[in-house]
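The values are calculated or read from the model by the stated rules, or taken from the named source; none is laboratory data. The shown structure was predicted, so the numbers you read here are calculated from the model rather than taken from an experiment. Cβ placement follows ideal geometry from the backbone for every residue including glycine, while neighbour counts extend to all protein chains displayed. To get the accessible areas, we keep the full protein, side chains included, count just its heavy atoms, and leave off ligands, DNA and RNA. Shrake-Rupley method; radii C 1.70, N 1.55, O 1.52, S 1.80 Å.
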Protein chains: 2
Amino acid sequence: MPHSTHVTLAQVAAAAGVSIATASRAINGSTRKVSEDIRQRVAQTAEELGYLPNLSAQTVVKGAAPVVAVLVSDIADPYFSSISAGVMAGAREAGLMVTMATSERRSEDELEMIRTFRAQRPRAIIVVGSRQEPDERTAEIENQLQTYRDSGGHVVLISQGPSPFDLVEIQNYDGAKQLAHALVDRGGRSFGIAAGRRSLRTNVDRIAGFTDGLAERGLSLADGAIAEAPFTRDGGFTAMTELLGRREELQLDTVFATSDLMAFGAATAMRSAGVIPGQDISLAGFDNIALAEDVTPALTTVDVPLEEAGYRAVKLALAEDPAPESLQLGTSVILRGSTPQR
Amino acid sequence: MPHSTHVTLAQVAAAAGVSIATASRAINGSTRKVSEDIRQRVAQTAEELGYLPNLSAQTVVKGAAPVVAVLVSDIADPYFSSISAGVMAGAREAGLMVTMATSERRSEDELEMIRTFRAQRPRAIIVVGSRQEPDERTAEIENQLQTYRDSGGHVVLISQGPSPFDLVEIQNYDGAKQLAHALVDRGGRSFGIAAGRRSLRTNVDRIAGFTDGLAERGLSLADGAIAEAPFTRDGGFTAMTELLGRREELQLDTVFATSDLMAFGAATAMRSAGVIPGQDISLAGFDNIALAEDVTPALTTVDVPLEEAGYRAVKLALAEDPAPESLQLGTSVILRGSTPQR
DNA sequence: TTGAAAGCGATACCAG
DNA sequence: CTGGTATCGCTTTCAA
């Protein structure tokens, strides 16, 4: 029978010779109890008929969907996909589904996606991504999230504080500062930064941490030592090319790219300019994505527990703690071949 | 007011002084028409009250959720995250949400996830991943998908044929064959393969294509020239290490890793054995993931239009074509520094 | 313990 | 064009 419709609870109940109410209780154990033999019989016929509960119907009456919604900028970016992996692991443990959307870093899309999320009545909404410069939409987004929470939902940001919501925060500032120390220890003296746009807080924090770290060692950045470009692999290429144009005046010996992805682009830019990364100019990144240790030279970077961030975000969301909690995730410097002792 | 509940259509209708039916028609334009002024008024009050339709309620009556469900093995793997990006783009265009689950390559999880998907009544289910050796569960999975389709859903596999469902197929065999030709043209004579497990069709096909490609050039693989290991970055390391142990007898000059990720692991294995990839032994991968051109030496590989695969899968799912369609996605060899002329 | 019936929020048919 | 109402599949009082 083509296009047969789904098996419903009513059909199961009928086939088992019980009421719909009983069937419901038997299949999704409620508070009420059902005699063991009836439970068995219902379960059996449900199995035989291939019954699957209609999640939407359950959601309508229960008021919330067994779902956690995640908003990321770009799922193809290893940074976000690692976090997502953690979210999925957390959701799995909690018996929840995951619905995912990408904003491509456009706040208008972000707003639209969050509305759509809300329409779904998920148990939690997790928003991943750097805090941006506030604009008209940012405020409206926060508004949406507020009313979502007021109606019983849980919001977790994987971002930077301060925030009115639960927060999983990466220690960008501290990590960058430690990195600066380590690079100075390796003999770096004249630094450059291939930075992602400072409209993203992530970059602001990483730059500040790095600069302050240098200052604590009595060093400072020369004018024009920060080249800003899009926070992508190609941006890294662009920024590095710009820095190389000022190579002489800057006397560049070490470059910090504000993400591993940018560092990869930067390394390629170096090579196409005949500069050997790690040898002529040291290079460090941030994030410690999976491939950082496979490139040549292996990339010095700051390890960020991305998957854990996603996992903890789910836990936080489901914690039922009234007051917004904030979680700091530590980072650690990983020294590799791209920053040899000099 | 804490835990206030959601605004419902009834409330909007009341506030706008119209019937629920009219409000419904005004907000989600149905076949019926609504006078422009009433439409305006309803839209306005909906806006003011912050009304958002309850997707689940709509789904219950409509019979299907505005959702496409995607099952991947591992979202942190760039192969799958690229495909996912394409799926999300396609879904976005079609105005659908995406729910995602990971199976971690365990067929028991896969089965469970597909059941959960079905409970959601999505418009389409997309399963991404290599065909595996059939086991008890594989059959049950196919069963679930069958009955899902019989009840009006759409199933698309991004995998290998033959398949009773819509299929987006990567030309693994052809791509590997072309790669073999190209590598022979570059002067390769004694080949090794760092292969992922042959329990996955992907690997079987890539190995076969490569071997046949060599044969067409009058070459063949020596005994023990295929090292099999898990289809991961670490597996590549393992397999390469094994091949290096037989380096002398094999007289290895070129190694084909059945994925870029494996190639990265293989390159690292080479280096830790003091062998320089691209110089001492040529190395090629498969997939052309984003970072393949950023490693040193840049990795020769076979380009697979991953994002397009995801995108096309959604299109296929929504095409409303009764007969299962099958789509071949072409691949192309990308020659880079890891396989210099020798 | 079990069943009848009242919703949950929204759509769509059928009158008016 | 608009409104009343049956209905979708399921949960949960309220009685029995």
Query raised in the report: What are the residues whose amide H is under 5 Å from the amide H of A:Met97, where those residues sit 5 or more places off or on another chain and H is modelled from the backbone?
Result: A:Val67, A:Val68
Query raised in the report: Hey, how many Å between the Cα centroid of the stretch A:127-200 and the Cα centroid of the stretch A:57-116?
Result: 19 Å
Query raised in the report: Where the label is 7 Å out from Cα toward Cβ, how close does A:Glu93 come to the same position in every other copy, in nm, shortest first?
Result: 3.9
Requested in this report: May I ask you to give the solvent-accessible area per residue for the protein assembly as shown, in square angstrom, as obtained with a 1.4 angstrom probe?
Outcome: 41 Å²
Query raised in the report: What nm distances, shortest first, do you get from the label point of A:Glu249 to those in the other copies when the point sits 7 angstrom along Cα to Cβ?
Result: 6.3
Report task. Take peptide B:75-84, look around each residue's Cβ out to 10 angstrom, count Cβ atoms belonging to other protein chains, and average those counts. Result -> 6
Report summary line: Highest GNM mean-square fluctuation among B:Gly86, B:Gly278, B:Gly152, for chain B with Cα springs under 10 Å, belongs to B:Gly152
Query raised in the report: Using heavy-atom solvent-accessible surface (probe 1.4 Å) with all chains present, what is the largest-first order of B:Thr99, A:Thr116?
Result: A:Thr116, B:Thr99
Query raised in the report: Of all accessible surface on the protein assembly as shown at a 1.4 Å probe, what whole percent is carbon and sulfur?
Result: 50 percent
Query - Positive dipole terminus of the stretch A:172-304, leading residue within A:Gly187, A:Ala269, A:Ala229 (C-beta point charges) - result: A:Ala229
Query raised in the report: With +1 on each Lys and Arg Cβ and -1 on each Asp and Glu Cβ, how big is the dipole of the stretch B:185-342 about its Cα centre, in debye rounded to the nearest 20?
Result: 360 debye
Query raised in the report: Taking R0 as 56 Å, what's the FRET efficiency between B:Arg189 and A:Gln328 from their Cβ-Cβ distance, rounded to 0.05?
Result: 0.50
Query raised in the report: Over the heavy atoms of B:Leu291, what accessible area does a 1.4 Å probe trace out, to the nearest 10 Å²?
Result: 20 Å²
Query raised in the report: What list of ³J(HN,Hα) values in whole Hz, one per residue of the stretch B:49-56 in order, does the Karplus curve 6.51 cos²θ - 1.76 cosθ + 1.60 (θ = phi - 60°) give from phi, with Gly and Pro shown as x?
Result: 7, x, 5, 10, x, 7, 4, 5
Requested in this report: Step through the residues of the stretch B:142-154 one at a time and calculate ³J(HN,Hα) from phi using the Karplus curve (6.51 cos²θ - 1.76 cosθ + 1.60, θ = phi - 60°), rounding each to whole Hz and writing x for Gly and Pro.
Outcome: 4, 4, 4, 5, 4, 5, 4, 5, 4, 8, x, x, 10
Query raised in the report: Over all distinct Cα pairs, what is the inverse of the mean 1/r for the stretch B:9-61, reported as the Kirkwood hydrodynamic radius in Å?
Result: 11.0 Å
Report task. Provide an ascending nm list, one decimal, of label-point separations from A:Asp303 to the equivalent residue in each further copy; define each label point as 7 Å from Cα along Cα→Cβ. Result -> 3.7
**Report entry** Fluctuation leader among B:Ala85, B:Ala298, B:Ala15 - chain B, Gaussian network, Cα springs under 10 angstrom
**Finding:** B:Ala15
Report summary line: Checked against the positive end of the charge dipole of the stretch A:9-61 (+1 on Cβ of Lys and Arg, -1 on Cβ of Asp and Glu, about the Cα centre), the farthest of A:Leu52, A:Ala26, A:Ala16 is A:Ala26
Query raised in the report: Using θ = phi - 60° and the Karplus form 6.51 cos²θ - 1.76 cosθ + 1.60, what ³J(HN,Hα) does each residue of the stretch A:209-222 get, whole Hz, x for Gly and Pro?
Result: x, 5, 4, 5, x, 4, 4, 5, 9, x, 10, 9, 7, 6
Report summary line: Rounded to a whole number, the mean other protein chain Cβ count within 10 angstrom for residues of B:260-266 is 2
Report task. Could you please report the charge total around A:Arg217, scoring K, R as +1 and D, E as -1 over all other residues with beta-carbon less than 11 angstrom from its beta-carbon? Result -> -1
Report task. Quantify how strongly other chains surround peptide A:59-70 by giving the mean number of their Cβ atoms within 10 Å of each of its Cβ atoms. Result -> 3
Report task. Report relative contact order for chain A in percent, whole number only (criteria: Cα-Cα under 8 Å, sequence separation at least 6). Result -> 17 percent
Requested in this report: With a/c under 1.5 counting as rounded, go ahead and sort the stretch A:92-208 into rounded, prolate or oblate using the C-alpha gyration tensor (a ≥ b ≥ c being the square roots of the eigenvalues; past the cut-off, prolate if a/b is larger than b/c, else oblate).
Outcome: prolate
Query raised in the report: Can you flag which of A:Lys62/B:Lys33; A:Lys33/A:Lys62; A:Lys315/B:Lys315; A:Lys62/B:Lys62; B:Lys33/B:Lys62 are past 30 Å Cα-Cα?
Result: A:Lys62/B:Lys33; A:Lys315/B:Lys315
Report task. Counting residues in the stretch B:243-309 as N, plug N into 2.2 N^0.38 Å and put the Cα Rg over that result. Result -> 1.14
Requested in this report: With only Lys, Arg, Asp and Glu charged, each at its Cβ (+1 for the first two, -1 for the last two), find how big the charge dipole of the protein assembly as shown is about the Cα centre; round to the nearest 20 debye.
Outcome: 1260 debye
Query - Amide H partners (placed H, <5 Å) of B:His154, local residues excluded - result: B:Ala124, B:Ile125
Report task. Tell me which residues come under 5 Å, amide H to amide H, from A:Asn288 once H is placed; ignore anything under 5 positions away on its chain. Result -> A:Asp260, A:Val302, A:Val304
Query - Candidates B:Gly29, B:Gly224, B:Gly187, ranked by Gaussian network fluctuation over chain B, Cα under 10 Å, top entry - result: B:Gly29
Report summary line: Rounded to the nearest 5, the percent of DSSP beta bridges in the protein assembly as shown running antiparallel is 15 percent
Query - Contact surface B-A: accessible area buried, both sides summed, square angstrom, 1.4 angstrom probe - result: 4800 Å²
Report summary line: Yeah, the protein assembly as shown with a ≥ b ≥ c from its alpha-carbon gyration tensor (a/c under 1.5 is rounded, else prolate when a/b outruns b/c, oblate otherwise) is oblate
Query raised in the report: Please state the equivalent ellipsoid semi-axes for chain B: what are the square roots of 5 times the Cα gyration tensor eigenvalues, largest first, in whole Å?
Result: 51, 20, 17
Query raised in the report: Is the shape of the stretch B:172-304 rounded, prolate or oblate, going by the alpha carbon gyration tensor and its root eigenvalues a ≥ b ≥ c, with a/c under 1.5 for rounded and a/b larger than b/c for prolate?
Result: rounded
Query raised in the report: Ranked from the most accessible area to the least, with a 1.4 Å probe and all protein chains present, what is the order of A:Lys33, A:Lys62?
Result: A:Lys33, A:Lys62
Report task. Report, in debye and to the nearest 20, how large the dipole of chain B comes out about its Cα centre when Lys and Arg carry +1 and Asp and Glu carry -1 on their Cβ. Result -> 840 debye
Query raised in the report: Counting DSSP beta bridges with both partners in chain B, what percentage is antiparallel, nearest 5?
Result: 10 percent
Query raised in the report: Taking a 1.4 Å probe, which of A:Glu293, B:Glu136 shows the most accessible area, and what order do the others take after it?
Result: B:Glu136, A:Glu293
Query raised in the report: B:Ala273 label point, 7 Å along Cα→Cβ, cut-off 15 Å on backbone N: hits in the stretch B:208-224?
Result: B:224
Query raised in the report: What is the extension gain from A:Ala14 to A:Ser35, computed as 0.36 nm multiplied by their sequence separation minus the C-alpha to C-alpha distance, in nm to one decimal?
Result: 5.8 nm
Report summary line: Mean projected area, convex hull of alpha-carbon positions in the stretch B:266-342, reported to one decimal in nm², is 6.3 nm²
